[in-house]
Amino acid sequence: MSTETFLGTDWNGRIFTGDWVDGAADPTPVVEPATGETLAQIGMASSDDALEAARRAAAAQRDWAKTKPTERAAVMRRAGELWTQHAAEINTWIMRESGAIAAKATFETDYAAATCYDSAALPTHPKGQVLPSDEPHWSFSRRVPAGVVTVIAPFNFPLILSIRSVAPALALGNAVILKPDPRTAVSGGVTLAKIFAEAGLPEGVLQVLPGGGDVGEALVAAPEVSVISFTGSTAAGRIVGENAGRLLKRCHLELGGNNALIVLPGADLEAAASAGAFGSWFHQGQICMTTGRHLVHDSIYDDYVAALAEHAAKLPVGDPSTEEVALGPIIDEKQQTHVRDIIEKAQADGARLVTGGVGEGPFVPATVLADLSPTNPAWTQEIFGPVAPVGRFSTLEEAADIVNDSEYGLSVSILGDLGTAIDLADHIDSGKIHINEQTIADEGDVPFGGTKDSGNGSRIGGAEANIESFTEVQWITMRSQIAPYPF
């Protein structure tokens, strides 16, 4: 793969510690999922690399936190400009490395720029209060940087799910160690290192260490690390959360989802099917907010299934870097096998395959499954593939019970009459509810998170959540003379 002048090649086979150096672990190939072609090598860190990075970050953070707020803001603004300036090159990497279509890649770089611009406001945002007191002193609280923040990000939206924690944490005076998924460590790691270095971030304040589970464990356990921001599977999140909890460290977990799209009686069928199609099949369903369950009223169930299948049949599948397609490849062979197993097990359990199926190679077509039992694995599990299971309900109470019965609580959509949707929303346990929109939605200035097995709440997004997530509260008192004491 040819490289443009901005990213260059100095990162090939290396990790970033303020400069590009060899990691202690063996480099791993960057493989294009659509073709199997090796695009480059990515450096891999060891647990010792991680512990040394934490020490380096702590030293760099002390000076970074003393930097004038306007100077930190200027770095963020410059980073925002650079994402836009180099978007074409970075988009190509996102498409080839993660299997994204062009629109999804563009969304990621636009989001990265917007997040840096939003983060530029954080250094000068008020961060304290004057507190009332019965004592004859002044009483204040202030927010100070947490210190060193570990960010662990997944493959599916490699840039967004890194930048949304990295940028605000840096803007608030912290140092950050980023562990991107090795499968997408260029678009989700190298690009951030390059952008922030070019923007003027001091050496050592941001480090990028792709690696295995041992590196993640070390970046949680390192004494210098105060906060962990993890995005990934619920199973992995439990391990990270348990390790952090044992060490009394704050841990922000954004995990999986099996999100429901509820279609009310009388809803516009074509509009609902279009929303459902996007919710289930954007980026091959490899999104935590993907519509994993279509819950449709009995009166329009058959018509909705037919309309959804019609949309599926119109969505071309292929290599997004060479073809105009709607769905690209599944990220790797392990995930391809998982998706195909779910489709086959669903049918063995009695589900009806309306359209689509297991596909070939790295490609799985848009698939519709109907008539699923409540225990069907395609209904109960997070699939992370382009599969749309469709079930039915007869009353609003039944719909709420079915939605809430899931172990997840990330995103729910309700399509149809506004008043009915609002009433139903009051009975739904979910971090996000979208009325007359599909389940996939994220904006940099809104709180993002889920309930139950989807995570520990809305800890990322918006000034209030970011300041709370990446700073500590400190109480200060002050009086004109030393206070008298009875001892």
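The values are calculated or read from the model by the stated rules, or taken from the named source; none is laboratory data. All figures in this text were calculated on a predicted structure; none of them were measured in a lab. All Cβ positions, glycine included, derive from the backbone under ideal geometry; neighbour counts span all protein chains shown. We work out accessible area using only protein heavy atoms, side chains counted, and drop any ligands, DNA or RNA first. Shrake-Rupley method; radii C 1.70, N 1.55, O 1.52, S 1.80 Å.
For this structure, a couple of remarks:
- Of every Cα-Cα pair in the range 336-381, the percent that sits beyond 18 Å: 20 percent
- Along its three principal directions, the equivalent ellipsoid of the chain from the Cα gyration tensor extends over semi-axes of 40, 29, 19 Å, largest first.
- Our estimate of slack between Leu247 and Asn404, defined as 0.36 nm per intervening residue step minus the Cα-Cα distance, is 53.3 nm.
- Distant-in-sequence amide H partners of Ala388 (H built 1.01 Å from N, under 5 Å): Thr367, Val368, Leu369
- Selection from Gln381, Gly256, Pro316, by position along the positive dipole direction of the chain (Cβ): Gly256
- Close amide H partners of Leu315, meaning residues 5 or more places away or on another chain with modelled amide H under 5 Å apart, do not exist here.
- Within-15-Å neighbourhood charge of Asp442 [Cβ basis; K, R +1; D, E -1]: -3
- Relative contact order for the range 259-435, counting Cα pairs under 8 Å that sit 6 or more residues apart, in percent: 28 percent
- Between the C-alpha center of the range 429-467 and that of the range 1-67 there is a gap of 30 Å.
- Spatially near lysine pairs across the chain, Cα under 19 Å, sequence gap of 8 or more or different chains: 7
- Net charge of Cβ neighbours under 13 Å - reference Ala25; Lys, Arg +1; Asp, Glu -1: -3
- Estimated dipole of the range 290-383 in Debye, rounded to 20 [Cβ of Lys and Arg +1, of Asp and Glu -1, Cα centre]: 160 debye
- Other-chain or far-sequence residues with amide H under 5 Å of Ile435's (modelled H): Ile414
- Computed about the Cα centre, the dipole magnitude for the range 259-435 is approximately 300 debye when only Lys and Arg (+1) and Asp and Glu (-1) carry charge, each at its Cβ.
- Pair-distance distribution P(r) for the range 193-280, from all Cα-Cα distances in 5 Å bins starting at 0: 3, 11, 16, 13, 11, 10, 10, 9, 8, 6, 3, 0 percent.
- Formal net charge of residues neighbouring Asp48 (Cβ-Cβ distance under 15 Å; K, R +1; D, E -1): -4
- For the chain, averaging the sequence separation of C-alpha pairs within contact (under 8 Å, six or more residues apart) and dividing by the residue count gives a relative contact order of 17 percent.
- Helical contribution to [θ] at 222 nm, DSSP H n ≥ 4, -39,500 (n - 2.57), averaged over the chain, rounded to 500: -11500 deg cm²/dmol
- Compared with the direct C-alpha span, the chain from Asp303 to Ala74 gains 77.0 nm at full extension, assuming 0.36 nm per residue.
- Dipole of the chain [Lys/Arg +1, Asp/Glu -1 at C-beta], most positive-end residue of Gln438, Ser119, Asn12: Ser119
- Coupling constants for the range 244-259 follow from the phi torsions by the Karplus curve (6.51 cos²θ - 1.76 cosθ + 1.60, θ = phi - 60°), and in residue order they are 5, x, 4, 9, 6, 10, 5, 9, 9, 10, 10, 10, x, x, 10, 7 Hz; glycine and proline get x.
- ³J(HN,Hα) computed for each position of the range 447-457 - Karplus, 6.51 cos²θ - 1.76 cosθ + 1.60, integer Hz, glycine/proline x: x, 10, x, x, 10, 6, 6, 8, x, 10, x
- Residue-normalised accessible area of the range 419-487, expressed per residue, 1.4 Å probe, Å²: 59 Å²
- Rg/Rh ratio calculated on Cα atoms of the range 259-435 (Kirkwood radius): 0.95
- Centroid-to-centroid, using Cα positions, the range 146-223 and the range 276-346 are 31 Å apart.
- The slack in the chain from Glu203 to Asp26, taken as 0.36 nm per residue of separation less the alpha-carbon distance, amounts to 61.3 nm.
- For the range 259-435, the share of accessible area belonging to carbon and sulfur comes to 50 percent (1.4 Å probe, ligands and nucleic acids excluded).
- Note, ³J(HN,Hα) from phi for the range 282-292, Karplus 6.51, -1.76, 1.60, rounded to Hz, x at Gly and Pro: 4, 6, 6, x, 8, 9, 4, 8, 3, 6, x
- Per-peptide average of other Cβ atoms within 10 Å, ordering 135-141, 467-473, 209-215, 167-173 highest first: 167-173, 209-215, 467-473, 135-141
- Paramagnetic reach from Glu397 in the range 358-384 [backbone N under 17 Å; point 7 Å along Cα→Cβ]: none
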